[in-house]
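Chemist: Can you read through this structure? Questions will come right after.
Laboratory data are not the source of any read-out in this text; all were calculated from the coordinates shown. All values derive from a computational prediction rather than experimental measurement. Methodologically, a virtual Cβ is constructed for each residue, glycine included, from the backbone with ideal geometry; neighbour enumeration extends over all protein chains shown.
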Amino acid sequence: MKVALFGATGYTGSILLKLIISHPFIDEVFSFSNSSVNTNIGISSDKIKNCKFLSYSSLSDYNFDVVFSALPHLISSEYYVELIDDKIIIDLAADLRLNNSTVFEQVYGKLPAAVKYIGTSEYGLSELNYENISKSNLIANPGCYPTASLLAILPVVKEFNSVTNIIINALSGLSGAGKKANVDLLFSERADNVNVYAPGSKHRHYCEINEKISKYNRDINLSFNPYLIPVNRGIYSSCSIIIEENISYEIINQLFNDIYSDKPFVNIIPLEKLQLKDVIATNNCNISFSINSNHLQVFSCIDNLMKGAAGAAIQNFNLRFGFPETTGLPTLNLL
């Protein structure tokens, strides 16, 4: 199978390129980049027939089956919109994540090039939408914050109609901001420092999370508070959920284990064992929980560049083509 990678030089694109090269069922990859056209890729592999990054103007010169797009939001679909009818598209940007074009325009400031396809893609949250992903030719990867949060809260929202309030406090490493020059992201600015930004309903991922939980319960009061922490990679999400009915450790433990028992990348582990470093460089999401009366706290950890982006794209690729879900993906942190 032949694939094209758009946006191959960013943090996510660089990791995705390595995953694609190591995938046993991918035979050839064409890597496209605006910023690095004709520069050497720097990776030796028989799957890279041209050792340099390619120009998008030469797209028609290459024959491929699948597009992975790791381009930024609002830029991504500009490059694949004309290919949607002929290729399988896995988009890591936000262009088709939301189902409502009005909400999208409010959040992102304008509509994407693929606006007519809004609402037609499958949301690529692999563990909870795998049946639809396996039949779709247009897959929209979730954001990294939503991945960590939704894997923690959606099973609860689906099970209990009496959920009234959810507060998500999510701590993110600096690579989540992307590969760009920004004074606020300098080591000297971020070291020994933590801050919240765009809290409540202000962050763009609030709408993504809210849309997905509203499918099951429109009456939940949601607050999403993202924090930057001085680490390179990873997201640690703390989700406080108020449920107006009796819950117990046994009930919640059974719920999570039933839903994720056959999902190779989600691990339900004791709270004292949950730590960010265990998921770095893996496609895992580790989840723990704690209960105080009707107050349920669910904690989750992912690598934002893997399970939150590149790894999830490969996982969706595997689901779409019927390959074993773990093909080409690490489940152990060997760093």
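Chemist: Give, rounded to the nearest 20 debye, the magnitude of the charge dipole that the chain has about its Cα centre when Lys and Arg contribute +1 at Cβ and Asp and Glu contribute -1 at Cβ.
Modeler: Dipole of the chain, to the nearest 20 debye: 620 debye.
Chemist: If you project the alpha carbons of the stretch 184-272 onto the principal axes, what extent comes out on each, in Å, largest first?
Modeler: Principal axes ranked by extent give 46, 31, 23 Å for the Cα atoms.
Chemist: Taking neighbour counts of Cβ atoms within 10 Å as a proxy for exposure, in what order, fewest first, do Arg190, Arg233, Arg218 appear? It would help to have the intermediate numbers written out before the result.
Modeler: On the way: Arg190 18, Arg233 23, Arg218 8.
Arranged by neighbour count, lowest to highest, Arg190, Arg233, Arg218 become Arg218, Arg190, Arg233.
Chemist: Now, a different point. Which one, Asp219, Asp278, Asp91, has the greatest fluctuation when you compute a Gaussian network model over the chain with C-alpha springs under 10 angstrom?
Modeler: Asp219
Chemist: Eigenvalues of the Cα gyration tensor times 5, then square-rooted: what semi-axes does that give for the stretch 2-120, in whole angstrom, largest first?
Modeler: 27, 14, 13
Chemist: Which entries of Lys215/Lys307; Lys18/Lys52; Lys2/Lys116; Lys158/Lys212; Lys47/Lys263; Lys2/Lys87 have Cα-Cα distances beyond 18 Å here?
Modeler: Lys215/Lys307; Lys2/Lys116; Lys47/Lys263
Chemist: How large, in Å, is the chain by the Kirkwood hydrodynamic radius built from its alpha-carbon pairs?
Modeler: 20.3 Å is the Kirkwood radius here.
Chemist: I'd like to know which of Tyr249, Ile220, Leu171 lies farthest towards the positive end of the charge dipole of the chain, counting +1 on Cβ of Lys and Arg and -1 on Cβ of Asp and Glu.
Modeler: Leu171
Chemist: Along the charge dipole of the stretch 48-186, Cβ charges K/R +1 and D/E -1, which of Ser149, Gly124, Ser101 sits furthest on the positive end?
Modeler: Ser149
Chemist: Here is a follow-up. To the nearest Å, what is the center-to-center distance of the stretch 235-301 and the stretch 61-98, using C-alpha atoms only?
Modeler: Taking the Cα centre of the stretch 61-98 as reference, the centre of the stretch 235-301 is 33 Å away.
Chemist: Still on this structure, I have one more. So in the stretch 1-134, what percent of DSSP beta bridges are antiparallel if you round to the nearest 5?
Modeler: Close to 5 percent.
Chemist: Further question on the same structure: So if R0 is 30 Å, what FRET efficiency would Asn294 and Ile268 give, r being the distance between their Cβ atoms, rounded to the nearest 0.05?
Modeler: On the way: r = 21 Å, r/R0 = 0.69.
It comes to 0.90.
Chemist: Report the antiparallel proportion of the DSSP beta bridges in the stretch 145-304 as a percent, rounded to a multiple of 5.
Modeler: Taking every DSSP beta bridge within the stretch 145-304, about 70 percent pair in antiparallel fashion.
Chemist: Compute for the stretch 235-335: radius of gyration divided by Kirkwood radius, i.e. Rg/Rh, restricted to C-alpha atoms, rounded to two decimals.
Modeler: 1.02
Chemist: Be a star and scan the stretch 89-133 for residues whose amide nitrogen sits under 11 Å from the point 7 Å along the Cα-to-Cβ vector of Glu78.
Modeler: 113
Chemist: So how far apart, in nm, are the two label points at Asp258 and Thr326 if each is 7 Å from Cα heading toward Cβ?
Modeler: For Asp258 paired with Thr326, the spin-label model returns 2.5 nm.
Chemist: Could you work out the equivalent-ellipsoid semi-axes for the stretch 145-304, taking the square root of 5 times each eigenvalue of the Cα gyration tensor, largest first, in whole Å?
Modeler: On the way: eigenvalues 150, 67, 34 Å².
Working through the eigenvalues yields semi-axes of 27, 18, 13 Å.
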